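Remarks on the structure that follows.
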Amino acid sequence: MEITWLGHSCFKIKGKKVTIITDPYDDSIGYTLGEQKADIVTLSHSHPGHCFAKGISGSPRILSGPGEYDVAGVLITGIKTFHDAVKGEERGKNIIYLIDIEDIRICHLGDLGHVLDAEKASGLSDVDILMVPVGGVSTIGASDAAEMTRLLDPKIVIPMHYKTEDLKFQLDSIDKFRKEMGVKTDIKPEPKLVIGKAGLLQGTQVFLMNYRLAD
């Protein structure tokens, strides 16, 4: 399986038979999505930076709400959460997606705006790869993202939704999260993550990605 970060909260997850794209964005936020094709598209909420499904070709199955979905042999579970810390009163709802593909469980937290309580977190068991927003302002920030990482105890955590030179609005940079997680500043982001079940090690590894190197 190959994972590429396309910027913001958008990833391309490419399996042997199925390609999934999470939270595609329009160009109003500063990134350029390019020509992308997928079998499945997940949308965490209806803001322009996360729901540009029409930018993805291939007639994909669009998932935008809570529930259990079996699409082309990939089991996906959407879990309702909130985009803020006041039960959606400020920014509305958010959908977390659990994606079970090729014996690997991926959890994409979307624009999560609060730390999950124990009951909700218990439904996110056995996460192998966690995609977590770390930029604060409109989602959880570095400290809460680190807490979520410890709570879910993934093998790999990939930070997303933070300030970059292309993003047109304000978020915190990756630096605070790196510090919270003890990641050295000389570790360079990689263009993609290629991983199989056998490659998942014990403990939690922070994997930094560079959207500018995406295919």
* Across segment 25-70, what is the total count of residues that are surrounded by 16 or more Cβ atoms within 10 Å (Cβ to Cβ), more than 16 Å from Ile13 (Cα to Cα), in contact with a Pro (Cβ under 8 Å, 6 or more places away or on another chain) and of a type in the set (Gly, Ala, Ser)? -> 1
* **Single residue of segment 66-78 satisfying the filter (part of a strand (DSSP E or B) and small (Gly, Ala, Ser)) that is nearest to Leu98 (Cα to Cα)** => Gly78
* Asked: What are the pairs, 6+ residues apart or on separate chains, where a residue within segment 187-215 that is modelled with pLDDT under 85 has its Cβ under 8 Å from a residue that is crowded, with 16+ Cβ neighbours inside 10 Å and basic (Lys, Arg)?
  -> Leu200/Lys155; Leu201/Lys155; Gln202/Lys155; Gly203/Lys155; Leu213/Lys192; Ala214/Lys12; Ala214/Lys192; Asp215/Lys192
* Structure fact -> Scanning segment 174-186 residue by residue, those touching a residue at least 24 places away in the same chain (Cβ under 8 Å) and touching a Lys or Arg at 6+ places or on another chain (Cβ under 9 Å) turn out to be Ile174, Arg178
* To do: Would you be able to tell me the number of residues in segment 117-134 that are hydrophobic (A, V, I, L, M, F, W, C) and modelled with pLDDT of 90 or more?
  => 6
* Asked: Which pairs have Cβ atoms under 6 Å, sit 6 or more apart or on different chains, and link a residue in segment 94-120 that is closer than 12 Å to Val132 by Cβ to one that is among the charged types (D, E, K, R) and crowded, with 20+ Cβ neighbours inside 10 Å?
  -> Val115/Asp144
* Asked: Does segment 85-105 hold any residues that are surrounded by fewer than 20 Cβ atoms within 10 Å (Cβ to Cβ) and over 25 Å from Ile195 (Cα atoms), and which are they?
  -> Ala85, Val86, Lys87, Gly88, Glu89, Glu90, Arg91, Gly92, Lys93
* Asked: Of these, His114, His108, which one is within 22 Å of Ala198 (Cα to Cα) and not small (Gly, Ala, Ser)?
  -> His108
* To do: Report, by residue number, each residue of segment 143-171 that is surrounded by 18 or more Cβ atoms within 10 Å (Cβ to Cβ), of a type in the set (D, E, K, R) and out of contact with any Leu (no Cβ under 7 Å at 6 or more places or on another chain).
  => Asp144
* Structure fact -> Gly141 passes all but one of the listed conditions (1) over 12 Å from the mean Cα position of the chain (by Cα); (2) farther than 17 Å from Leu171 by Cβ; the exception is number (2)
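The values are calculated or read from the model by the stated rules, or taken from the named source; none is laboratory data. Owing to the predicted nature of the structure, the values given are computational and were not obtained by experimental measurement. We place every Cβ from the backbone using ideal geometry, glycine too, and count neighbours over all the protein chains shown.
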